Amino acid sequence: MVVRGGLPEGARYIHQVPATPLVPVSLDGGPVIWCKLEFMNPSGSTKDRIARHILEKGWRSGRLQEGSTVVEASSGSTSIAFALACSQMGLRFVAFIPESATSERECIIKAYGGEVRRVSGTMVEVLKVAAAFAEEEGHFLGRQFANEDNTEAHRIFTGPEILSQIPGGCVDAVVSGVGTGGTLRGLFEAFQSSGCKVRAYAAIPREGVLFGSNLECCSLRFSSDVPGVAEDISEIYSGWKCSELSELEIEDTSCLKLTRKLWAKGFPVGPSSGLNFEAAVRVARELGEGSRVVTVFPDRMERYFSHKVFDGYRA
Ligand code: PMP
């Protein structure tokens, strides 16, 4: 079993996090997709992986101590994950979020003890304001879009976990939406370095409407759609030169349909799981029977109650 990293002596205790399940899912007689249930992480998303890893490395290097302040610019899951991990480690956390972020997200960050500052303007502006605040005050900045520890968390924890869970110990294709690109790149690198002949597929929501300003989910589409937002906002993804990487566009309506189907099958997931699953099915069909295709269900349905995916379900 792969055990996630712990803290050095003197740091506050964070309980060990068990591996999230990897389950084979087939809908309507379609191909089997191996789905990593990342919504079962403690704060409800895969971003627990990177928040804990970034903070633990910060602590080990001496840049963080009890009472330090951590700052991150994030439209959602990463701020939520940092808020929880910081409260467990005795750190103060300040989240900079766009004006457009839903109130569900603000509530969850605050419930975990984080502070919230809303910034008007594009996500690039939010990133700039957060970085300036951290710099002026001498605070620790998470920098998920550029921090190599983001990719490393998936390369050394999520990837090996999957390899220990999948029959035969190898993966033929890994499929994921790209926010920072840390998930897709980290998983691909873990599988490749263990000797698998693996391909990576970035799932891109074609219209982007369904994902709006959720940059952490789908920054490729977001950045090309919104004037003023820099193309290739993520250094992790834009700096990744890889001949085994392809991009795959999926219609928003398919993402919606699949997400709702997944709910009814017992997976309480957010809309990007529908995107990831639909893309994984198309890849599996292309690769043929018996191919081991892995994807991720990144986060939980509860943070999307005011989102389009719940239209028609509200009282
Ligand atoms: N959160 C959500 C909601 C997502 O949809 C995704 C991508 N599928 C991620 C996080 C992971 O994105 P990345 O590692 O590329 O930042």
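The values are calculated or read from the model by the stated rules, or taken from the named source; none is laboratory data. Since we're looking at a predicted model, the values are computed, not measured. Positions of Cβ are backbone-derived with ideal geometry, glycine not excepted, and every protein chain shown enters the neighbour counts. When the accessible area is computed, the model is the full protein with side chains, heavy atoms only, and any ligands, DNA or RNA have been set aside. Shrake-Rupley method; radii C 1.70, N 1.55, O 1.52, S 1.80 Å.
Of the strands (runs of 3 or more DSSP E) lying entirely inside region 24-139, the ones with 3 or more residues being at pLDDT 95 or above and under 26 Å from L275 (Cα atoms) are found at 33-36. Suppose the filter is open to solvent by 10 Å² or more (accessible area, probe 1.4 Å) and closer than 21 Å to T180 by Cα; does G121 pass it? Yes: the conditions hold for G121. For region 172-220, the candidate set comprises residues that are among the charged types (D, E, K, R) and at pLDDT below 95; within that set, the residue that is nearest to the ligand (Cβ to nearest atom) is E216. If you go through region 171-201 and keep only what is open to solvent by less than 30 Å² (accessible area, probe 1.4 Å), farther than 30 Å from V124 by Cα and in a loop (DSSP other than H, G, I, E, B), you end up with V171, C196, V198. For the residues I166, I156, the requirement of being among the β-branched types (V, I, T), in contact with a Phe, Trp or Tyr (Cβ under 9 Å, 6 or more places away or on another chain), more than 12 Å from the ligand (Cβ to nearest atom) and under 19 Å from T46 (Cα atoms) singles out I166. Taking the criterion of being among the small types (G, A, S) and not assigned by TED's automatic domain parsing to the domain that holds L275, would at least one residue in region 156-169 satisfy it? No, that holds for no residue.
Sub-9 Å Cβ pairs linking a first residue in region 104-121 that is at positive phi to a second residue that is in a helix (DSSP H, G or I) and open to solvent by less than 50 Å² (accessible area, probe 1.4 Å), at least 6 apart or interchain, are G113/A83; G113/L84; G113/C86, ordered by first then second residue.
The test for being in contact (Cβ under 8 Å) with a residue 40 or more places away in the chain and farther than 22 Å from P298 by Cβ does not hold for V70.
Of the residues L37, L84, L64, only one is assigned by TED's automatic domain parsing to the domain that holds W263 and either open to solvent by less than 10 Å² (accessible area, probe 1.4 Å) or within 16 Å of the ligand (Cβ to nearest atom) (or both); which?
Working: L84 fails: assigned by TED's automatic domain parsing to the domain that holds W263; L64 fails: assigned by TED's automatic domain parsing to the domain that holds W263.
Unique residue meeting the criteria: L37.
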